[in-house]
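A.B. asks: Here it is: the structure, laid out below.
We did not get these values from a lab; they are worked out from the coordinates using the rules stated. Quantities reported herein were computed from a predicted structural model and do not represent experimental measurements. FYI the Cβ positions are ideal-geometry reconstructions off the backbone, even for glycines, and counts take in every protein chain you see.
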Amino acid sequence: MEKQIYHVQSSLRPAIIELDKGTFVVPAWVEVPKGTTLDQIIWDNKIEIKPNPDLIKVTGSSGDVYTIQKIGNKYRCSCPGYFRAKDKICKHIKQLK
């Protein structure tokens, strides 16, 4: 009987784990029969990463790169100034608006 071949698409190299609930190829979490080996896995690591228009990268005055995320009509920034500001509007968000 010929062994089943499984195609897994992931940016990380696959591994096989056995849990109480079954055997899986991770990180894709594809369920496979117990006894499946890595030579039965075809790994496709060519994943197209699409840009997210709701994430904007900005460079701060110190050269650090921060991410501004648009959530609905509000913004959130990963810079320290965002977390210190009472109104949660840092200088990067002000510049964006």
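A.B. asks: Could you calculate the FRET efficiency of Ile17 with Phe83 from 1/(1 + (r/R0)^6), where r is the beta carbon distance between them and R0 is 35 Å, rounded to 0.05? Please report the intermediate quantities before stating the final value.
C.D. replies: Working: r = 37 Å, r/R0 = 1.07.
That gives a FRET efficiency of 0.40.
A.B. asks: Among the lysines, which have Cα under 17 Å from the Cα of Lys74 when same-chain residues fewer than 8 positions away are ignored?
C.D. replies: List returned: Lys57, Lys86, Lys88, Lys91, Lys94, Lys97.
A.B. asks: Taking all pairs of distinct Cα atoms, average 1/r, flip it, and tell me the Kirkwood hydrodynamic radius of the chain in Å to one decimal place. Don't skip to the end; give the middle numbers.
C.D. replies: On the way: mean 1/r = 0.0583 Å⁻¹.
With all distinct Cα pairs of the chain included, I get 17.1 Å.
A.B. asks: Cross-link partners among aspartates and glutamates for Lys70, C-alpha distance below 20 Å, same-chain residues fewer than 8 apart left out?
C.D. replies: Lys70 reaches Asp54, Asp87.
A.B. asks: If each residue of separation counts as 0.36 nm, what is the full-extension length gain between Trp29 and Asp54 once their alpha-carbon separation is subtracted?
C.D. replies: Values: separation 25, 0.36 × 25 = 9.00 nm, distance 2.77 nm.
Between Trp29 and Asp54, full extension yields 6.2 nm more.
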